[in-house]
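Below is one structure, written out as structure tokens, with a few remarks after it.
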Amino acid sequence: MKIYTKKGDTGTTQLLGGSRISKGHLRIDAYGTVDELNSWLGLVRDQLNDEQSSAVLKEIQDRLFTIGSLLASDKEGSKMIIPDLNEEDVKRLEDEMDAMDKSLPELKSFVLPGGYTPNSICHIARCVCRRAERAIVILHQQQPVDELVLKYINRLSDYLFVLARKTSKDHGVAEIMWQGRKR
């Protein structure tokens, strides 16, 4: 099987289920951004020496493939069985955040990204996650999207923020607190 089909040469792509839409469609932007996020999470995972976080990130990457498949599906024409996303997936993110939070100092101001490469990459992934969320919300306003997808993506950006904090703490790197310019 060749990777190229030449069918997209005219600026369209095929959804799971067979219908073709413009590569500029909101749906493509939404699942394309989820795919970009998944790639960033691969880089985050490569930077960590923490087996627990790496295992959780691998699971998250799996869920992002599910979300991408849900967003890429033509509900009318698709007969494909797509793995499910469920409330336990959201709860897993919450549980992981709660566990990481126990070892972190109380947050008393905004945190500037940076100071340690894995921290910076987590923050980039968090921002891409927020962009994916915005694209999914806009799509949802036009064509219903499973609300669990929105919930999961929202929680995931929170998880990535906490993970950024944890990676700095684990490596003894001080967080850079935003001070704001004094007038």
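Before moving on, here are some points about what is shown:
- Residue selected from region 114-170 under the condition hydroxyl-bearing (Ser, Thr, Tyr) and out of contact with any Leu (no Cβ under 8 Å at 6 or more places or on another chain), by the criterion modelled with the highest pLDDT: Ser157
- Looking only at residues in region 169-178 that are under 15 Å from Val111 (Cβ atoms) and out of contact with any strand residue (DSSP E or B) (no Cβ under 9 Å at 6 or more places or on another chain), the one that is surrounded by the fewest Cβ atoms within 10 Å (Cβ to Cβ) is Ala174.
- Among residues of region 31-56 that are touching a residue at least 40 places away in the same chain (Cβ under 8 Å) and of a type in the set (Ser, Thr, Tyr), those with a beta-carbon under 6 Å from a residue that is crowded, with 17+ Cβ neighbours inside 10 Å and outside any helix (DSSP H, G or I) at least six positions away or on a different chain give the pairs Tyr31/Ala72.
- Residues considered: Val90, Val128, Val149. Of these, the only one that is in contact (Cβ under 8 Å) with a residue 60 or more places away in the chain, over 21 Å from Glu36 (Cβ atoms) and either assigned to a helix (DSSP H, G or I) or in contact with a Cys (Cβ under 7 Å, 6 or more places away or on another chain) (or both) is Val90.
- Scanning region 171-181 for residues that are among the charged types (D, E, K, R) and modelled with pLDDT of 85 or more gives a single hit, Glu175.
- The set of residues in region 154-168 that are under 17 Å from Val44 (Cα atoms) and buried (at least 16 other Cβ atoms within 10 Å of the Cβ) comprises Leu156, Ser157, Tyr159, Leu160, Phe161, Val162, Leu163, Ala164, Arg165, Lys166, Thr167, Ser168.
- Filter result for Ser157 (on the phi < 0 side of the Ramachandran plot and touching a Cys at 6+ places or on another chain (Cβ under 8 Å)): yes
- Single residue of region 33-69 satisfying the filter (small (Gly, Ala, Ser) and under 13 Å from the mean Cα position of the chain (by Cα)) that is surrounded by the most Cβ atoms within 10 Å (Cβ to Cβ): Gly68
- Residue in region 70-83 that is surrounded by 14 or more Cβ atoms within 10 Å (Cβ to Cβ) and modelled with pLDDT of 95 or more present: no
- Residues of region 56-73 that are among the polar types (S, T, N, Q) and either more than 14 Å from Trp40 (Cα to Cα) or in contact with a Ser or Thr (Cβ under 8 Å, 6 or more places away or on another chain) (or both): Thr66, Ser69, Ser73.
Rundown of residues vs (1) touching a residue at least 12 places away in the same chain (Cβ under 8 Å); (2) surrounded by 13 or more Cβ atoms within 10 Å (Cβ to Cβ); (3) of a type outside the set (A, V, I, L, M, F, W, C), yes/no style:
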| residue | (1), (2), (3) |
| --- | --- |
| Asp95 | no, no, yes |
| Asp101 | yes, yes, yes |
| Pro118 | yes, yes, yes |
| Val145 | yes, yes, no |
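- Residue in region 43-59 that is part of a helix (DSSP H, G or I) and modelled with pLDDT under 85 present: no
The values are calculated or read from the model by the stated rules, or taken from the named source; none is laboratory data. Quick caveat, the model's predicted, so the values are computed rather than measured. Don't worry about glycine lacking a Cβ; one is built from the backbone with ideal geometry, like all the others, and counts go over all protein chains shown.
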